[in-house]
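The block underneath contains the structure these notes are about, expressed in structure tokens.
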Amino acid sequence: MNNANAGLPDLLVPGLAVVFCGLNPGLESALEHKPFFNRSNRFWRTLFLSGFTAEEIDPDDYVRILQFGCGMTTAVQRATPSAQDVSADEYRRAAQALEAKIVQCSPKYIAFLGKSAYAAITAQRNIAWGLQPDTFGGARVWVLPNPSGRNRSFTLNHLVEAYQLLRLATLEN
């Protein structure tokens with residue numbers, strides 16, 4: 001197996017509708033170099049059910065997400081067993097590099113998957129779900145619930161509803 005310290009490869013090209021920004025790679029995903037590789041993660045299922053993709057993408061074929069105008073990155077590159085292992089200071093230190101990536105690929109939206117990274121980067125305590133008033137790297141900011149299987153606060157149906165709102169917004173603009 002590969003080294004988890006390498007994190008995950010970014011999947012970014014110019015002109016995307018949305019870049020999904022995970023908090024940081026999980027260990028299993030980093031070892032495989034495939035985002036959202038853990039089968040308990042609901043990311044790929046949620047993208048399909050919310051209309052971002054025409055079928056559910058297998059994590060082994062994750063690059064296919066580009067065909068649907070979507071890209072991927074992480075706020076912090078360091079892999080950890082849990083996103084709770086990443087400090088607010090680590091998110092803040094990674095913000096400049098993340099913003100440079102977003103400027104370079106210029107998507108319409110950056111969708112933070114969970115509130116913690118965006119809250120730390122902007123030094124805000126109370127972040128609402130959905131569209132944010134600010135931009136990041138020139139992209140509109142949207143905050144979505146994290147699709148991790150550990151996130152028990154959101155059922156699959158709730159995830160799909162939240163992601164559908166962003167999908168509709170990408171179609172309008």
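Ligands, DNA and RNA excluded, the heavy atoms of residue 154 present near 40 Å² of accessible surface to a 1.4 Å solvent probe.
Kirkwood radius and radius of gyration were both taken over the C-alpha atoms of segment 80-172, and their ratio Rg/Rh is 0.96. Size descriptors for segment 43-97, from the alpha-carbon set: Rg then Dmax equal 14.2, 38 Å. Here the chain exposes an accessible surface that is 50 percent carbon and sulfur, computed with a 1.4 Å probe and the other protein chains kept in place. Placing +1 on the Cβ of every Lys and Arg and -1 on the Cβ of every Asp and Glu, with no other charges, gives the chain a dipole of roughly 360 debye about its Cα centre.
Taking only the alpha-carbon positions of segment 29-73 and ignoring solvent, what does the Debye formula give for the base-10 log of I(q)/I(0) at q = 0.30, 0.32 Å⁻¹? Debye curve over Cα of segment 29-73, log10 I(q)/I(0) at q = 0.30, 0.32 Å⁻¹: -1.24, -1.35. Its relative contact order, with pairs defined as Cα atoms under 8 Å and 6+ residues apart, puts the chain at 28 percent.
For the chain, the solvent-accessible area of protein heavy atoms averages 49 Å² per residue (probe radius 1.4 Å; ligands and nucleic acids excluded).
Within segment 129-169, the proportion of C-alpha pairs whose separation exceeds 16 Å stands at 40%. Extending 7 Å from Cα along the Cβ direction at residue 172 and again at residue 126 yields two label points whose distance is 2.4 nm.
The calculated P(r) of the chain, using every Cα pair and 10 Å bins from 0, goes 11, 43, 40, 6, 0 in percent.
The values are calculated or read from the model by the stated rules, or taken from the named source; none is laboratory data. Predicted model only: the values in this text are computed from it and were never measured. Neighbour counts are summed over all protein chains in view; Cβ atoms, including those assigned to glycine, are modelled from backbone coordinates with ideal geometry. Keep in mind that these areas ignore ligands, DNA and RNA; they rest on the heavy atoms of the full protein, side chains included. Shrake-Rupley method; radii C 1.70, N 1.55, O 1.52, S 1.80 Å.
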